[in-house]
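The values are calculated or read from the model by the stated rules, or taken from the named source; none is laboratory data. Keep in mind the model is a prediction, meaning the values are calculated, not measured. Using ideal geometry, Cβ is built from the backbone for each residue, glycine included, and neighbour counts are taken over all protein chains shown. With ligands, DNA and RNA removed, areas are computed over all heavy atoms of the protein, side chains included. Shrake-Rupley method; radii C 1.70, N 1.55, O 1.52, S 1.80 Å.
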Amino acid sequence: MWGGRFAEGPSAIMREINASIPFDKALWRQDIMASKAHAAMLAAQGIVTGADAQAITEGLDRIAGEYEADGVPEDWDLEDIHMTTESRLADLIGAAAGRLHTARSRNDQVATDFRLWVREALDEADRGLSALQRALVIRAGEHEASIMPGFTHLQTAQPITLGHHLMAYYEMIRRDRSRFADARARMDECPLGSAALAGTGFPIDRDATAQALGFARPTANSLDAVSDRDFALDYLAAAGQCALHLSRLAEEFIIWASQPFGFVRLPDALSTGSSIMPQKKNPDAAELVRGHAGRIVGCNMALMMTMKGLPLAYSKDMQDDKPPVFEASGLLALSIAAMEGMVAGSTFRTDRMRQAAELGYATATDLADWLVREADIPFREAHHITGAAVKRAEADGVALDQLPLDVLRKIDKRIDARVYDALSVDASVASRASYGGTAPEQVRRRVAEARRVLGMDE
Ligand code: ARG
């Protein structure tokens, strides 16, 4: 009854839902590299003849040239990059092409290709983050003594140095790089030769293919090897956390660039104008970095959900592993580059920053500390006295160090003229010289260490 429509319908849908070539063609280089390593191993082990292996290798090289020049053809009937390349190889060299798949399955093939791809993504992220760190360290060095307000709850808390603030992001990126490095060390095993799920009866040499593809060793369990996507999840988790840091840095720039703050002038190259309001210079790049972080974390969630509850070994669900990784990697690379440009190219308005620190009663803690130190007043009482001084300064519309001595002494007679040494923002930051503190002297040391670690003085 419905046969006329159904005979074609399901197969068309099947073809479309099954095809991964639209996205997994991005793996073509890895696929050809892994196939060449496999062919060489098969020949060395006497599983295929040297002549066949040579024909296969030459054919694969020719296909690489074609893909490079014209792109990878997208034929849904051929499903994926593995079948696309194998079918082209058969066109080029005939029957010998059929020997390449000896002792191999698409399951260990795709696991190997994808690992190789993720390994490069890890390296790319590390390179980008190293460049971002350099930009942070250079700007921190310029501003090791530039005063700005430090915030908690986005309320002025204590004066800090801009160099100290920028170096906080250096530390975050340092941890991101170590997460990517961990992921890389953990994924350093080659699945090739695990075959469909159970290994193979052919006398293959898995150490040889692992070594040829730059892995430390072959994977130790064939079932795990074809069903494991931890390496992709490790990458996405590290990418997600890195994206959160980039998003927080982006948010700082967005706030700092707003008119009421006016702490920074963003580079024109990373801003946009408004089609209706001529005065506007919008921090679109920073906002998109903030937005992309959500998408990158979403990619991590997507793959975790794909993998949840899959029995061993391979299931077709796992074909969906690639789009989130490809998407996250593109977004992350762009976000890192945008933040590097923003850090390197922004003009910091240190006059505005200092003014905000001076007007925000940022040295109130210093007054309280002075009362404890010099007048032996318990901190809680000193806190109370200082509160009264801030209230008075606020009422008079002046900074704390602009309150006349007689006014301060009316609040508490134990205060004397030496207090003014503690009330300036410069004295405040200079005093916070504990290890890791904001004092310029400390920032200078951290910057020098970072420059050494990054090899910037060589
Ligand atoms: N295109 C597939 C993927 O990306 C390749 C593996 C296919 N394996 C299979 N048993 N159908 O996952």
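Matching residues to (1) of a type in the set (Gly, Ala, Ser); (2) in a loop (DSSP other than H, G, I, E, B):
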site	(1), (2)
Glu381	no, no
His384	no, no
Val390	no, no
Ala395	yes, no
Asp406	no, no
Lys410	no, no
Ala422	yes, no
Thr438	no, yes
Arg451	no, no
Worksheet item: For the subset of the stretch 157-173 comprising residues that are among the aliphatic types (A, V, I, L, M) and modelled with pLDDT of 95 or more, which member is nearest to Ala250 (Cα to Cα)?
Response: Leu166
Worksheet entry | When residues of the stretch 149-168 are limited to those that are open to solvent by 30 Å² or more (accessible area, probe 1.4 Å) and in contact with a Lys or Arg (Cβ under 9 Å, 6 or more places away or on another chain), the one farthest from Ala26 (Cα to Cα) | Gln158
Worksheet item: So is Leu213 in contact with a Leu (Cβ under 7 Å, 6 or more places away or on another chain), open to solvent by 10 Å² or more (accessible area, probe 1.4 Å) and of a type in the set (A, V, I, L, M, F, W, C) or not?
Response: no
Discussion item. So in the stretch 307-334, with the set limited to residues that are within 11 Å of the ligand (Cβ to nearest atom) and assigned to a helix (DSSP H, G or I), which one is surrounded by the fewest Cβ atoms within 10 Å (Cβ to Cβ)?
Written reply: Lys316
Worksheet item: Pick from the stretch 335-363 the residues that are of a type in the set (S, T, N, Q) and touching a strand residue (DSSP E or B) at 6+ places or on another chain (Cβ under 7 Å): which of them is surrounded by the most Cβ atoms within 10 Å (Cβ to Cβ)?
Response: Thr363
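Residue-by-condition table, conditions (1) assigned to a helix (DSSP H, G or I); (2) on the phi > 0 side of the Ramachandran plot:
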{"site": "Glu171", "(1), (2)": "yes, no"}
{"site": "Arg175", "(1), (2)": "yes, no"}
{"site": "Arg179", "(1), (2)": "yes, no"}
{"site": "Arg184", "(1), (2)": "yes, no"}
{"site": "Ala195", "(1), (2)": "no, yes"}
{"site": "Gly199", "(1), (2)": "no, yes"}
{"site": "Pro203", "(1), (2)": "no, no"}
{"site": "Ala208", "(1), (2)": "yes, no"}
Worksheet, complete the sentence: Within the stretch 38-75, residues surrounded by 21 or more Cβ atoms within 10 Å (Cβ to Cβ), among the small types (Gly, Ala, Ser) and over 30 Å from Arg15 (Cβ atoms) come out as Ala53, Ala55
Worksheet item: Are any of the residues in the stretch 44-63 modelled with pLDDT of 95 or more, out of contact with any strand residue (DSSP E or B) (no Cβ under 7 Å at 6 or more places or on another chain) and closer than 24 Å to Met318 by Cβ?
Response: no
Worksheet item: Can you name the residue in the stretch 78-129 that is open to solvent by less than 30 Å² (accessible area, probe 1.4 Å) and under 30 Å from Gly341 (Cβ atoms) and is also farthest from the ligand (Cβ to nearest atom) among such residues?
Response: Leu129
Worksheet item: Looking at Phe253, Phe263, which is the one that is under 29 Å from Arg179 (Cα atoms), open to solvent by less than 30 Å² (accessible area, probe 1.4 Å) and more than 16 Å from the ligand (Cβ to nearest atom)?
Response: Phe253
Worksheet entry | Criterion (in a helix (DSSP H, G or I), in contact with a strand residue (DSSP E or B) (Cβ under 9 Å, 6 or more places away or on another chain) and under 30 Å from Ala37 (Cβ atoms)) met by exactly one of Arg139, Arg115, Arg119 | Arg115
Worksheet item: Among the residues of the stretch 270-306, which ones are of a type in the set (Gly, Ala, Ser), closer than 16 Å to Glu251 by Cα and not in a loop (DSSP other than H, G, I, E, B)?
Response: Ala285, Ala286, Gly291, Ala293, Gly294
Worksheet item: Do the conditions hold for Ser146, that is, is it crowded, with 20+ Cβ neighbours inside 10 Å, touching a helix residue (DSSP H, G or I) at 6+ places or on another chain (Cβ under 7 Å) and either free of Cβ contacts under 8 Å to residues at least 12 places away in the same chain or farther than 30 Å from Ser130 by Cα (or both)?
Response: no
Worksheet item: Taking into account only those residues within the stretch 266-305 that are without any contact (Cβ under 8 Å) to a residue 60 or more places away in the chain and either among the acidic types (Asp, Glu) or within 16 Å of the ligand (Cβ to nearest atom) (or both), which is farthest from Gly240 (Cα to Cα)?
Response: Asp268
